[in-house]
Each structure stands twice: as C-alpha cells, then as structure tokens.
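The values are calculated or read from the model by the stated rules, or taken from the named source; none is laboratory data. Because the structure is a prediction, the values reported are computed rather than measured. All Cβ positions, glycine included, derive from the backbone under ideal geometry; neighbour counts span all protein chains shown.
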Amino acid sequence: MSGRLQGKVAVVTGGASGLGRAVVERFADEGASIVVADVNEAGARELAARLGDAAVAIGADHTDTGQCEAAIALALETFGKLDILHANAGGPFTGPFQDVDDATLERVIDVNLMGSLKMVRAAIPALERQARATPSGASILVTSSLQGLKAKPNFSLYTVAKHGLIGLVRSLALELAPSNIRVNAVCPTVTETPMLAHFLPGMAAEKDEAMNRFRATIPLGRMPEPVDTANALLFLASDEARMLTGVALPVDGGQMAM
Ligand SMILES: NC(=O)c1ccc[n+]([C@@H]2O[C@H](COP(=O)([O-])OP(=O)(O)OC[C@H]3O[C@@H](n4cnc5c(N)ncnc54)[C@H](O)[C@@H]3O)[C@@H](O)[C@H]2O)c1
C-alpha cells in the first residue's frame, strides 16, 4: 500500500512527546522515514525502536546549532536525503511579564523561537538539494500556536516567540519559493499533551473543571487531540498541499473565527 508520504524523509524536533510524537507516528503510518530529534534522548529512542526501520533517534537540543546539524546529518546518513523538516520543539511559559527575569526571558525565547530558527537554518541546504531532485520539492513545517495569531494575558514570552515563528514562515515562504520549498505553520489551540498542565490555570487541582471551562470556548465543542494537529501537518507535508506556502493554519475547532 502506498502512503501519502511514501518514500519521503522527515526530521521532527520534539518528536518524543505530545504533538511531535503524534506527528512521527502519523508520518510513519503514511510511509515516511523519520529522524526523531529530542532533548529527551531516551524518549526519542523508545519511539524510534517501536517504529523499526522507519525511524532513528537522536538526542538533540534545538537551541544548539551543532546538534541541529547533527540531526540533519543523521537523516542524510541513514536515509540519504531530507524532504521534510518539522520544527516542533517548544516549552511552556505563563506568568506576569513584569516578573520575568533575564534568565527566564532568554530561556523561553531560546526554546520557543531561537531553537526553531537554528533548526530550520540547518535544514535548508539538504532541503534545497532534495527540492532540485524532485518536482514535488521539499517542505518546512513549524509548530506555532493559536498564541502565534492572537494573545491572552500572562502568555507574553510564549506569544512573542509563536508570533515570531509565523513571521519566519511568511518570510521564508517567499524566500524559498523559487527553490520549490514550501514553508507552513500549524497553530494548535490547547491540546492534551504533557505540556497542558502549564497552560490551563487550575489544571493541577481540578482537571475536569478546567477542561470543561476550556471546551466551552471551542465552537466545535470538543477538545483537540494531538492526532488532529498531526493530520493537519500530514496534509501540509503531502503533495496534496503543493500550492500551499506561507500558511498559518489554526487547529482550533473554530476559535479564530470568533
Ligand atoms: N499542547 C498544547 O496545548 C500546544 C498548543 C499549541 C502549540 N503547542 C506547541 O506544540 C509543540 C509541542 O508541544 P507539546 O504540547 O507536544 O509538548 P510536550 O511537552 O509533550 O513535547 C515537547 C517536546 O519537545 C522537547 N523539547 C523541549 N525543549 C527542547 C529542546 N530545546 N530541543 C529539543 N527538544 C526539546 C521535549 O523534550 C518534548 O519531548 C511546542 O512547540 C508547543 O509550544 C502546544
């Protein structure tokens, strides 16, 4: 059976957990070979081992240029090319902006913005080579957030970073279009992953009540699952999306329409 990503090679950062893990599993289902890159090396290795020949793992912190380059090199050594980069890794932040110290400011921007900038930059040469070799080109995907398109109080640094990623996507979509590399972002709303506890106030104490409060803000009336974002990314990565670039696609059950 031929999958929608049959024969394609992807690197997924933050692939050991949550949304990235769902992407790795979904892309593998559709015939892709994947490098699972994550600072959580044990988690990346466990997932890759379960997927057999379809995946390899690397412990890589995307805030370090050398480790980004190593993840790309592993894709080339193992699978011979790179068709898709998914810059997905990120970390939580909530709290009043006025209380942020310099170390927190640098860490949150590093993990949520600088890391993806470094990873995308490291991938471009290999993606350009692959885009020259095939009419379907190559693809860069970025996990932004609904906080990349709108804002709410006490999410300042995260919102700055996620807006920045959409700026990168729009800018690179134009810069790389002549090379036939498409660049798109997904913007998920709050989704149940290990990161969720940091995002929903009161979550730790009253999970059901917090989920119900949040569900009530979604026009479709249900919470997204990680696979919903993975399916959106699958479409954007596939040849079906060959005319889509520079898109920031909400995965939000209609919240952006309100
Ligand atoms: N869960 C949500 O509600 C939600 C909503 C919108 C956007 N997002 C974004 O989705 C992405 C994935 O988040 P998630 O919810 O799956 O969280 P998660 O905590 O389940 O997964 C994040 C993964 O990124 C890895 N990671 C963290 N820092 C890293 C680094 N410096 N280098 C490499 N890997 C690193 C972690 O080890 C982890 O495996 C993040 O960019 C997040 O901001 C999440």
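Between Ala22, Ala75, Ala28, the distinction of being away from the ligand (no atom under 16 Å from the Cβ), surrounded by 17 or more Cβ atoms within 10 Å (Cβ to Cβ) and part of a helix (DSSP H, G or I) belongs to Ala28 only.
Once the stretch 57-79 is narrowed to residues that are over 18 Å from the mean Cα position of the chain (by Cα) and hydrophobic (A, V, I, L, M, F, W, C), the residue that is nearest to Val9 (Cα to Cα) is Phe79.
Of all the listed residues (Arg26, Arg21, Arg4), the sole one being outside the structural domain of Ala241 (by TED's automatic domain parsing) and touching a Leu at 6+ places or on another chain (Cβ under 8 Å) is Arg4. Looking at Ala87, Ala126, just one residue is more than 15 Å from Leu168 (Cα to Cα) and aliphatic (A, V, I, L, M), and that residue is Ala126. Could you tell me whether any residue of the stretch 222-240 is modelled with pLDDT under 95, surrounded by 16 or more Cβ atoms within 10 Å (Cβ to Cβ) and over 13 Å from Val251 (Cα atoms)? Within the stretch 222-240, not a single residue is modelled with pLDDT under 95, surrounded by 16 or more Cβ atoms within 10 Å (Cβ to Cβ) and over 13 Å from Val251 (Cα atoms). Here the helices (runs of 4 or more DSSP H) wholly within the stretch 112-207 that include at least 2 residues being assigned by TED's automatic domain parsing to the domain that holds Asp99 and modelled with pLDDT of 95 or more are 115-133, 156-176. Per the conditions (1) within 15 Å of the ligand (Cβ to nearest atom); (2) closer than 18 Å to Met119 by Cα; (3) in contact (Cβ under 8 Å) with a residue 60 or more places away in the chain, the sole criterion not satisfied by Thr94 is (2).
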